[in-house]
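J.: Sharing a structure, written as structure tokens. Questions coming.
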Amino acid sequence: MIGVIPKPGQLDAVEEFFQLFKTRSACLGGSAGNYTMDNYLSIASSVKLGRDVKLAKFINLYGCEIGDEAKIGAFVEIQKNASVGKRCKISSHTFICEGVTIEDNVFIGHGVTFINDSFPVRPPAISCKPRLIGKSRRRS
């Protein structure tokens, strides 16, 4: 996990974080110059970030994909095997669990919690059915 909690007067720690992020983002196909980032982030090296992604404070991302120009609000967690499309806005205090796919140009409001719980009383031995969030489709 990558994370930095700089204290006042610790500009070197912030610079060190961005240097590390530039190295890791090159492996992800991006450039640190294309990301708007604040302090207090927890981003695993397995995260795939698109271009011009904007990340707020206090987020937790691991094993997920974030599309180009997406905006992730404060206090958001996105778990592994979840994906957020291009130009999406994920508002603050949102939890996106494993198996959720959010298509392009989708707005997720404040405090939304996704679950991958079909009927279990206990955690299942196999993965739950993935969910797709996006444009409505008419059935013929």
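The values are calculated or read from the model by the stated rules, or taken from the named source; none is laboratory data. What you see is a predicted model; the values in this text were computed from it and never measured. Note that we place each Cβ from the backbone using ideal geometry, even for glycine, and neighbour counts take in every protein chain shown.
J.: Can you run down the residue pairs with Cβ atoms below 6 Å, 6 or more apart or on separate chains, where the first is in the range 62-85 and closer than 18 Å to residue 109 by Cα and among the acidic types (Asp, Glu) and the partner is outside any loop (DSSP other than H, G, I, E, B) and at pLDDT 95 or above?
T.: So the pair list comes out as 77/95.
J.: Moving to a separate point now. Among what's in the range 78-102 and is among the charged types (D, E, K, R) and at pLDDT below 95, pick the residue that is nearest to residue 50 (Cα to Cα).
T.: Only one residue tops the list, namely 80.
J.: Of all residues in the range 32-77 being in contact with a Phe, Trp or Tyr (Cβ under 6 Å, 6 or more places away or on another chain) and modelled with pLDDT of 90 or more, which is nearest to residue 113 (Cα to Cα)?
T.: Only one residue tops the list, namely 77.
J.: Okay, moving on. Going through the range 45-65 one residue at a time, which ones are small (Gly, Ala, Ser) and under 10 Å from the mean Cα position of the chain (by Cα)?
T.: Result: 63, single match.
J.: List the residue pairs whose Cβ atoms are under 9 Å apart, where the first residue sits in the range 97-120 and is on the phi > 0 side of the Ramachandran plot, the second is at pLDDT below 95 and among the aromatic types (Phe, Trp, Tyr), and the two are 6 or more positions apart or on different chains.
T.: Listed by first residue and then by second, the contacts come to 99/114.
J.: Determine whether the range 106-114 contains at least one residue that is in contact with a Cys (Cβ under 6 Å, 6 or more places away or on another chain), assigned to a loop (DSSP other than H, G, I, E, B) and either of a type in the set (Ser, Thr, Tyr) or modelled with pLDDT of 95 or more (or both). Walk me through it before giving the result.
T.: Going residue by residue through the range 106-114, those that are in contact with a Cys (Cβ under 6 Å, 6 or more places away or on another chain) are 106, 114.
Then keep just the ones that are assigned to a loop (DSSP other than H, G, I, E, B); that gives 106, 114.
Filter once more, so that each one left must be either of a type in the set (Ser, Thr, Tyr) or modelled with pLDDT of 95 or more (or both): 106.
Among the residues of the range 106-114, at least one is in contact with a Cys (Cβ under 6 Å, 6 or more places away or on another chain), assigned to a loop (DSSP other than H, G, I, E, B) and either of a type in the set (Ser, Thr, Tyr) or modelled with pLDDT of 95 or more (or both), which makes the answer yes.
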